[in-house]
Amino acid sequence: MASLIPYFPTTLQEHFLYLMAGIGIIFLVYAIFIEQEHRQDLIRALGAACLFVYAASIENMFFMVTFAAIVVASLIEFFEILLGLHKHSKEDLKKYKTLWRLK
């Protein structure tokens, strides 16, 4: 068992950080399966924010920058949808299908 989980959290703060990281992972995976884009963006931003907090707690700058970029990009796309700037027309979808050769 020690090889699978070598370190068990001992303080309440550590438990909270591991819980937040787990929730972040679940949110990022769940965001893939959501059909509505605005909800997908919000859940992706929440998941990345949770993982950003965990990355900050372990002081990993690479993952902090990665998750911060995901949060910012998801929120930008959410606000574009909210303001009506981000749209997909039926012609775009037909063009994508021909590019991907889907029938």
Residue check for L42: within 27 Å of L82 (Cβ to Cβ), part of a helix (DSSP H, G or I) and open to solvent by 60 Å² or more (accessible area, probe 1.4 Å): yes
Failed item in (1) within 14 Å of S74 (Cα to Cα); (2) among the aromatic types (F, W, Y); (3) not in a helix (DSSP H, G or I), with F27 passing the rest: (3)
Complete set of residues in the range 56-103 that are within 22 Å of A31 (Cβ to Cβ), open to solvent by 80 Å² or more (accessible area, probe 1.4 Å) and modelled with pLDDT of 95 or more: F62, F63, V65, V72
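The values are calculated or read from the model by the stated rules, or taken from the named source; none is laboratory data. Bear in mind that the values here come from a model prediction, so they are computed numbers and not experimental data. Note: ideal-geometry Cβ built from the backbone for every residue, glycine included; neighbour counts use all protein chains shown. Heads up: the accessible areas ignore ligands, DNA and RNA and are worked out on the full protein's heavy atoms, side chains in. Shrake-Rupley method; radii C 1.70, N 1.55, O 1.52, S 1.80 Å.
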